[in-house]
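Notes follow the structure.
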Amino acid sequence: MININEILETNDMIDNRHLDIRTITMGISLRDCAGSDAKVVADKIYDKVTKTAANLVKTGGDIEREFGIPIVNKRVSVTPIAMVAESCDTEDYTIFAHALDRAAKEIGVNFIGGFTALVHKGFTVGDTRLIRSIPRALAETERVCASVNVATTRAGINMDAVRMMGEVIKEAADLTSATGGFACAKLVVFANAVEDNPFMAGAFHGVGEPECVINVGVSGPGVVKVALEAAKGQPFDVVADTIKKTAFRVTRMGQLVAREASLRLGVPFGIVDLSLAPTPAEGDSVAEILEEMGLTSVGAHGTTAALALLNDAVKKGGVMASSHVGGLSGAFIPVSEDAGMIRAVQSGILTIEKLEAMTCVCSVGLDMIAVPGDTSAATISAIIADEAAIGVVNNKTTAVRIIPAPNMGVGDVVDFGGLLGTAPVMPVSGGFSDEFIARGGRIPAPLHSLRN
Amino acid sequence: MRAIVTVVGNDRVGIIAEVSTLLAQSGVNILDISQTVLQEFFTMVMLVDTAAYSGPFAELAELLETRGRDIAMSIRIQREDIFEAMHRI
């Protein structure tokens, strides 16, 4: 029998250290929903999602109850809508966002991802239509998440798409000015997007994925932080080992839940995403892990090194615990969703520049960052270009989820509520990038030898 | 199905008797018991077999939780697999 201390330790992690399964995400292919009549396609999308994911929330709840482990989110990701809708005779794809939103409400999931276009090398007709539809689609729906992949290591950066996304983000913010630009919190611009990411807002069901799949995202920054408290003052070898051991346990639990969900739903298991995803709750913060390593505040010099160690150790510990690892797998650093990050921004120690450096060594990128409402589209595009360059050159996923908070300036705070948290408005560089962004075209794919 | 029942609360006379009676009434077989007092709290862990319980697991969990509250104890039941997964390779 498992000994009493192990049982009590597990339950203590759940009760007091925010150990949870962050999301069970069902990926659903909508490729068979294509057609020429937009209304018919929208109905097919609604029917397929509600039928395929009918038991997702209930099954998640059952597993939660039986294992006594919270499963925070149940979600759905779908085939990039640009592909599904492309054969339709309509220019406005908002109708498909409405169909997804209705389906999400019907089955009880809090987000549905896949209002997506992959345009790293160029646009098809459907891609352009989808991107133009994003602001309205996000403003008029509640649960739909959109993403656009503008760059890959093999294709380089599509700077026309980068320019367009700056404008789309501004428009989305303007359409939702009453809620602090909330639409932008549901929109991710990617470089090297992955096809099996279970985390929102960037989840979509990639073209190489099966008909239907279950992907699970684990979390547990609080557990890692508490484990590190016992290693105070120890050398980094001990720190890395401690994180690895903790990540292993957390991931084993994710694997168990993923297998169980896959079995009960009769859907193949895809991957476990080994991510440390914070929430705004105290004690559920990635920033606090970095601070536990000896920094007075995240953003202090040393933060990038600390994050690099954390990210690597999480993967090393987690990878043996799961039969298939995928998704984004790494530490997330969304500012608004992490109490420690918010504190650091408000104290002026954590800046966009430092966050950008941090994204070189961790999963994803500039995430949930609010900037002044008068930030120009070109500046936002330039921020996206910088972040995409980091991803493309380093052969990793990077992303930008940025909110130009309407009518707000540095020092103001945007409150999105719930898991999306509160974002202090951060200053952007005083320089201008308009002519840089106006050029358009493509930044060529980087060389992958002669590396320095 | 094998599950772990965890009982935590202030120590007093008769806790084990009350909990095992409750389990017996539900047709839950106790396979092993381990018990300690941690920071003045009575803490008991039982390995049980729920095969003879006729209803759904969630119902049993709720029953134990409610009855636990009645006797001022926290009683929870979880499938054994979660602990195996976390602590055994």
### Task
Identify all residues within segment A:352-367 that are at pLDDT below 95 and either on the phi > 0 side of the Ramachandran plot or of a type in the set (S, T, Y) (or both); write none if there are none.
A:S363, A:V364
### Selection from segment A:347-374 of residues that are crowded, with 23+ Cβ neighbours inside 10 Å and either aromatic (F, W, Y) or not in a helix (DSSP H, G or I) (or both)
A:L350, A:T359, A:C362, A:S363, A:V364, A:G365, A:L366, A:D367, A:M368, A:I369, A:A370, A:V371
### Task
Name every residue in segment A:341-364 that is among the small types (G, A, S) and touching a residue at least 60 places away in the same chain (Cβ under 8 Å), in order of residue number.
A:S363
### Message
Against the condition more than 21 Å from A:G202 (Cα to Cα) and buried (at least 23 other Cβ atoms within 10 Å of the Cβ), how does A:F67 come out, does it pass?
### Response
yes
### Query
Does segment A:123-146 contain any residue that is within 30 Å of A:I14 (Cβ to Cβ), surrounded by fewer than 22 Cβ atoms within 10 Å (Cβ to Cβ), free of Cβ contacts under 8 Å to residues at least 40 places away in the same chain and not small (G, A, S)?
no
### Task
Identify all residues within segment A:100-149 that are closer than 19 Å to A:N73 by Cβ, among the aliphatic types (A, V, I, L, M) and over 16 Å from the mean Cα position of the chain (by Cα); write none if there are none.
A:L100, A:A103, A:A104, A:I107, A:V109, A:L138
### Answer residue from segment A:221-260, given it is surrounded by 23 or more Cβ atoms within 10 Å (Cβ to Cβ), of a type in the set (A, V, I, L, M, F, W, C) and touching a Leu at 6+ places or on another chain (Cβ under 8 Å) and is farthest from A:H18 (Cα to Cα) among those
A:I243
### Task
Among the numbered conditions (1) crowded, with 24+ Cβ neighbours inside 10 Å; (2) assigned to a helix (DSSP H, G or I); (3) among the charged types (D, E, K, R), tell me where A:E337 comes up short.
(2)
### Message
free of Cβ contacts under 8 Å to residues at least 40 places away in the same chain and farther than 30 Å from A:A344 by Cα: which single residue out of A:G270, A:G302, A:G266, A:G233 fits that description?
### Response
A:G266
### Query
Scanning for something among the aliphatic types (A, V, I, L, M) and part of a helix (DSSP H, G or I), does segment A:86-97 turn up at least one residue?
yes
### Task
Kindly list the number of the only condition in (1) within 22 Å of A:L19 (Cα to Cα); (2) within 11 Å of chain A (Cβ to nearest Cβ) that fails for B:L60.
(1)
### Task
Tell me, please, whether a residue that is more than 13 Å from every other protein chain (Cβ to nearest Cβ) and acidic (D, E) can be found in segment B:69-80.
yes
## Note on the structure
When every residue in segment A:397-452 that is of a type in the set (S, T, N, Q) and outside any strand (DSSP E or B) is compared, the one farthest from A:D374 (Cα to Cα) is A:S449
### Summary
Those residues of segment B:23-47 which are within 18 Å of B:L63 (Cβ to Cβ), touching a strand residue (DSSP E or B) at 6+ places or on another chain (Cβ under 8 Å) and surrounded by 17 or more Cβ atoms within 10 Å (Cβ to Cβ) amount to B:L23, B:V28, B:M44, B:M46
### Qualifying position, being out of contact with any helix residue (DSSP H, G or I) (no Cβ under 9 Å at 6 or more places or on another chain), under 16 Å from A:A103 (Cα atoms) and modelled with pLDDT of 95 or more, among A:K44, A:K58
A:K58
### Query
assigned to a helix (DSSP H, G or I), at pLDDT 95 or above, under 27 Å from A:E337 (Cα atoms) and of a type outside the set (A, V, I, L, M), is that true of A:R65?
no
### Task
Confirm whether A:A172 is assigned to a helix (DSSP H, G or I) and surrounded by fewer than 24 Cβ atoms within 10 Å (Cβ to Cβ).
no
### Query
Before we move on, is A:R22 away from chain B (no Cβ under 14 Å) and under 23 Å from A:V148 (Cβ atoms)?
no
### Task
State whether the residues of segment B:8-29 include one that is more than 13 Å from the chain's Cα centre (by Cα) and within 11 Å of another protein chain (Cβ to nearest Cβ).
no
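The values are calculated or read from the model by the stated rules, or taken from the named source; none is laboratory data. It should be emphasised that the depicted structure is a prediction, and the values quoted were computed from it without experimental measurement. With ideal geometry, Cβ positions are generated from the backbone for all residues, glycine too; neighbour counts draw on all protein chains shown.
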